[in-house]
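See structure below.
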Amino acid sequence: MDNANTMSAEVDAAVIEELHEAFESGELLLFVGGGISAAAGLPTWRQLVDLLVERVREQVGDEVVVAEVASLARSQRYSEALAAAEHALGAAEFNAFVEDALDDEGLEPPRIAIAIAALRDKLRAVLTTNLNHLLERAFAFEWETMWRVTDEVAWRRRFILKLHGTLKEPTSWVFARERFLGSIAAPDVRRSLTAVLSKCPVLFIGFGRADSNFDEMLSDIHALSGSSPPPRFLLVPSASLTPYRRAMLVGMGFRLIPYDTPDGSHDRALAILERMSAPRAARASASRASRSIVPPPIPDLELPPSSSPLGFPSYDLPSDLAAYDDTVTIPGAIDAPRRERASEPPASPIEVFFSYSESNRELRDKLETHLAILKHKGVIRGWHDGEIGAGEERDLAIAEHLETAKIILLLISADFLASDFCYDVEMQKAIERHERREARVIPVILDACDWEGAPFGKLKSLPRGGRPVTSWVNQSEAFTDIAKGIREQVEQLSQNPS
């Protein structure tokens with residue numbers, strides 16, 4: 001066993017040495033997958049598709065259409081699910097929803113993005129499948145951003161090429177492989193890509209899963225790279241390299257750079273990047289050092305089934321092997337704040353308390369769905385009595401959360417006003433805390449009722465103008481209006497928590 005481990009370490013060191021030479025040549029391309037988006041707290045592709053399924057259910061209501069999108073999502077055919085959702089919703093609604101879901105405004109670039117930017121002096125270019133602007137911001141907008149493949153890529157340097165398009169230009173988005181192939185159909189564009197990929201080594205970062213589309217992605221790359229391409233490096237967690245997958249990747253010409261995740265973090269991935277760019281003596285010292293000498297652990301994050309460079313999700317593993325993220329830090333070089341796992345809120349998310357009548361549970365669920373983006377970004381944590389676990393005392397749990405929540409939503413209907421508990425207990429406590437400026441109370445008018453004379457009647461209500469949700473022809477528009485109003489309050493609290 002020791003001999004096997006020694007041989008493996010020697011192979012890894014040789015590959016890292018080869019990667020260092022590629023880096024020093026000034027011709028290395030970084031190919032960045034969706035890991036940086038997940039690291040910043042944005043929805044993964046799977047989470048985005050799940051949100052779109054709910055959107056289709058609300059907007060279209062045809063269960064056959066909903067089932068089609070959901071079935072594609074369950075099969076991990078995410079690009080097809082996105083296309084089906086766009087067809088169901090229409091381009092305008094789909095584009096607006098995706099843009100809002102993937103908007104990185106207000107999010108700090110994750111440490112892996114900053115680490116990539118730290119390598120900029122010797123990189124030729126960065127290619128990415130991310131629509132957002134995290135990389136551009138990490139590069140302090142010093143590199144030109146391109147989101148259409150042109151003949152310039154053959155000779156330009158120091159640019160970020162966004163192969164999926166860019167967030168604020170929906171016409172540039174590329175979610176389907178066929179659409180990408182169409183975008184590079186022009187002979188001069190294909191010649192330019194071939195010129196770059198046939199002479200430049202590439203390091204893939206942020207592609208940590210496998211599915212049936214992976215061989216298609218590699219086939220397309222190979223077709224554009226010639227029969228004897230430069231080295232292709234893949235930085236990947238050891239746990240994701242099952243025996244067959246390892247053999248498949250090696251057979252396709254990948255130089256694998258595996259790293260361990262013993263504590264569930266991916267600090268060692270960025271330590272490898274540091275070795276790649278370090279002088280030879282420092283690399284030799286790092287190679288002799290124990291693998292346990294790494295920066296403090298960073299909690300694991302979920303990497304989305306990142307879209308391949310050609311516009312389709314790349315690859316996926318079983319859930320027990322799927323966790324992958326490249327949000328790791330170069331010791332002493334990167335002090336930027338980081339976001340926590342998208343499914344786990346950061347240290348102090350704003351708690352939002354839902355006060356509602358049981359008869360309005362369905363409307364409450366719809367509102368909660370429309371707040372999912374804030375939840376995925378780790379900005380808020382919703383709470384209602386449906387969160388109470390078995391064995392917990394209901395009244396005590398409600399009282400505790402009603403006392404600590406920063407935003408309290410009163411979901412107003414005739415049933416709410418008629419409920420002794422909602423009106424006399426939850427609402428009265430909420431108003432007391434609002435008047436002491438300990439919390440913000442927001443009345444959300446679900447159904448028509450005589451509420452203006454209630455103690456909360458003087459407060460600004462949602463949707464705008466106090467128009468009841470049930471009176472809107474399109475209730476999703478009402479919930480969207482409510483979600484935007486709540487987001488404004490959350491942003492104000494985040495900027496001025498006192």
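The values are calculated or read from the model by the stated rules, or taken from the named source; none is laboratory data. Please read all numbers here as calculations on a predicted model, not as lab measurements. With ideal geometry, Cβ positions are generated from the backbone for all residues, glycine too; neighbour counts draw on all protein chains shown. When the accessible area is computed, the model is the full protein with side chains, heavy atoms only, and any ligands, DNA or RNA have been set aside. Shrake-Rupley method; radii C 1.70, N 1.55, O 1.52, S 1.80 Å.
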Being in a loop (DSSP other than H, G, I, E, B) and surrounded by fewer than 17 Cβ atoms within 10 Å (Cβ to Cβ), is that true of even one residue in the stretch 425-437?
yes
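Return yes when ALA92 is over 30 Å from PHE139 (Cα atoms) and within 17 Å of the chain's Cα centre (by Cα) and no when it is not.
For ALA92, the condition - over 30 Å from PHE139 (Cα atoms) and within 17 Å of the chain's Cα centre (by Cα) - is not met.
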Restricting to the stretch 467-484, what's the tally of residues that are closer than 26 Å to GLU438 by Cα and either open to solvent by less than 10 Å² (accessible area, probe 1.4 Å) or not in a helix (DSSP H, G or I) (or both)?
2
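With the structure loaded, tell me whether TRP143 is at pLDDT 90 or above, more than 15 Å from LEU42 (Cβ to Cβ) and of a type in the set (Phe, Trp, Tyr) or whether it fails that test.
Working: at pLDDT 90 or above: yes; more than 15 Å from LEU42 (Cβ to Cβ): yes; of a type in the set (Phe, Trp, Tyr): yes.
When the stated conditions are applied, TRP143 passes them.
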Any residue at all in the stretch 158-171 that is of a type outside the set (Phe, Trp, Tyr), part of a helix (DSSP H, G or I) and closer than 26 Å to PHE94 by Cα?
yes
Determine whether SER79 is in a helix (DSSP H, G or I), closer than 20 Å to LEU131 by Cβ, open to solvent by 10 Å² or more (accessible area, probe 1.4 Å) and polar (S, T, N, Q).
yes
With the requirement that a residue be touching a helix residue (DSSP H, G or I) at 6+ places or on another chain (Cβ under 6 Å) and under 20 Å from SER172 (Cα atoms), what does the stretch 53-87 give you?
TYR78, GLU80, ALA81, ALA84, ALA85, GLU86
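Residue-by-condition table, conditions (1) closer than 25 Å to ARG255 by Cβ; (2) open to solvent by 10 Å² or more (accessible area, probe 1.4 Å); (3) at pLDDT below 90; (4) of a type in the set (Val, Ile, Thr):
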site: THR128; (1), (2), (3), (4): yes, no, yes, yes
site: LEU131; (1), (2), (3), (4): no, no, no, no
site: ALA195; (1), (2), (3), (4): yes, yes, yes, no
site: PHE207; (1), (2), (3), (4): yes, no, yes, no
site: PHE214; (1), (2), (3), (4): yes, no, yes, no
site: LEU218; (1), (2), (3), (4): yes, yes, yes, no
Residue identified as acidic (Asp, Glu), open to solvent by 40 Å² or more (accessible area, probe 1.4 Å), over 30 Å from LEU28 (Cβ atoms) and part of a loop (DSSP other than H, G, I, E, B) among GLU99, GLU58, GLU93, GLU105:
GLU105
Only one of (1) touching a Phe, Trp or Tyr at 6+ places or on another chain (Cβ under 9 Å); (2) surrounded by fewer than 15 Cβ atoms within 10 Å (Cβ to Cβ); (3) of a type in the set (Gly, Ala, Ser); (4) modelled with pLDDT of 90 or more fails for ALA418. Which number is that?
(1)
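Quickly run through the stretch 438-455 and pick out the residues that are of a type in the set (A, V, I, L, M, F, W, C) and either part of a helix (DSSP H, G or I) or crowded, with 19+ Cβ neighbours inside 10 Å (or both). Talk me through it step by step, then tell me what you get.
Of the residues in the stretch 438-455, the ones of a type in the set (A, V, I, L, M, F, W, C) are 439, 441-442, 444-446, 448-449, 451, 454.
Within the stretch 438-455, ALA439, VAL441, ILE442, VAL444, ILE445, LEU446, TRP451 meet the criteria.
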